[in-house]
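These notes are about the structure you will find just below.
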Amino acid sequence: MNCTSRYSPVHADWLASMVIAQIVTFFAALLATLLVPFTLLVNLHPVQRLMLFLAGTIGGPAARFPASEAVTRVSDLLALLAWRRPLPNDGFYTAIELAHMSDVLTLFQTTYGTCVVSFIVLVLLSFPLHRRNLLWRPLRAAGIAILAIAGLLGVFLLTIGFDTVFTVFHELAFANDLWLLPEESSLIRLFPEQYFATYFFAALASSVAIAVVLTTWKRRRR
């Protein structure tokens, strides 16, 4: 009886720590699976060039910019969003566009920070959970949750369309209407809605592919 009363609290604490670790791993895997593909796709220059081409910004008879200029402008924006490197002061963007980019900078910095933290937490917790054969539970749950989110987004896209989803996102993400830029603005000419739609579906498809892998994660046989 003495041994049982002595070690039961320790065992209970261990169980509680494992439960907490699995819950944290679930959310870390969920966020990492959603944000890592987005972060990688945004910052891969060959992908950027392809997206600009598909959106009609470069290439084709109706191209809005020479490829070299568009790629340079996008690279400057990515450096701003990732490293806070100031944009060239050459008058390409209006004051309203620059003010909007300040809001976008805050959003991207938050996204990048969440992406890095969630990935680090996921890696750190994976080792002890894997040793105890518990990693499969939060990973599989995260995969199922992401597939559910993707399915819900699919329903919204089919019923209300990407235009409405795009507008609602901006209304929720920004506390002002600076994002309502005129068609002739440099940002809109660089990044038409088709650009964002292509990126959205590419990132979502990547997250879904990872989620499918997570749902097949199996418990190790002892």
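Quick one: which of Ser75, Ser68 is among the polar types (S, T, N, Q) and either within 30 Å of Val117 (Cα to Cα) or within 20 Å of the chain's Cα centre (by Cα) (or both)?
Ser75
If I filter region 114-131 for residues that are charged (D, E, K, R) and either touching a Pro at 6+ places or on another chain (Cβ under 7 Å) or at pLDDT 95 or above (or both), do I get at least one hit?
No, that holds for no residue.
Could you list, in sequence order, all residues of region 48-61 that are of a type in the set (A, V, I, L, M) and in contact (Cβ under 8 Å) with a residue 40 or more places away in the chain?
Of region 48-61, the ones of a type in the set (A, V, I, L, M) are 50-52, 54-55, 58.
Result: Met51, Leu52, Leu54, Ala55.
In the set Val42, Val24, Val47, Val19, which member is on the phi < 0 side of the Ramachandran plot, surrounded by 11 or more Cβ atoms within 10 Å (Cβ to Cβ), modelled with pLDDT of 95 or more and assigned to a helix (DSSP H, G or I)?
From the options Val42, Val24, Val47, Val19, the qualifying one is Val24.
Could you list all residues from region 109-155 that are among the aromatic types (Phe, Trp, Tyr), under 19 Å from the mean Cα position of the chain (by Cα) and closer than 20 Å to Val208 by Cβ? Please lay out each step first, then the result.
Looking only at region 109-155, we keep the residues that are among the aromatic types (Phe, Trp, Tyr), and these are 112, 119, 127, 136.
This time we only want the ones that are under 19 Å from the mean Cα position of the chain (by Cα), so: 112, 119.
Hit for region 109-155 is Phe119, nothing else.
If you check Ala150 against the conditions, is it of a type in the set (A, V, I, L, M) and surrounded by 15 or more Cβ atoms within 10 Å (Cβ to Cβ)? Lay out the reasoning, then the answer.
Details: of a type in the set (A, V, I, L, M): yes; surrounded by 15 or more Cβ atoms within 10 Å (Cβ to Cβ): yes.
Answer is yes for this residue.
Could you check how many residues of region 74-109 are in contact (Cβ under 8 Å) with a residue 60 or more places away in the chain and of a type in the set (Gly, Ala, Ser)?
1
Taking Arg64, is it basic (Lys, Arg), touching a residue at least 40 places away in the same chain (Cβ under 8 Å) and assigned to a helix (DSSP H, G or I)?
no
Among the residues of region 181-222, count how many are closer than 23 Å to Leu54 by Cα and over 22 Å from the mean Cα position of the chain (by Cα).
Total satisfying the criteria: 7.
Before we move on, is Leu80 of a type outside the set (Gly, Ala, Ser), part of a helix (DSSP H, G or I) and surrounded by 15 or more Cβ atoms within 10 Å (Cβ to Cβ)? So that I can check it myself, show each step before the final result.
Numbers: of a type outside the set (Gly, Ala, Ser): yes; part of a helix (DSSP H, G or I): yes; surrounded by 15 or more Cβ atoms within 10 Å (Cβ to Cβ): yes.
In short, yes.
Looking at (1) in contact (Cβ under 8 Å) with a residue 40 or more places away in the chain; (2) buried (at least 17 other Cβ atoms within 10 Å of the Cβ); (3) not hydrophobic (A, V, I, L, M, F, W, C), which is the one condition that is false for Thr114?
Here Thr114 meets the rest and fails (2).
The values are calculated or read from the model by the stated rules, or taken from the named source; none is laboratory data. The structure presented is a predicted model; accordingly, all values stated were derived computationally and were not measured. Glycine gets a Cβ as well: all are built from the backbone with ideal geometry, and neighbour counts include every protein chain shown.
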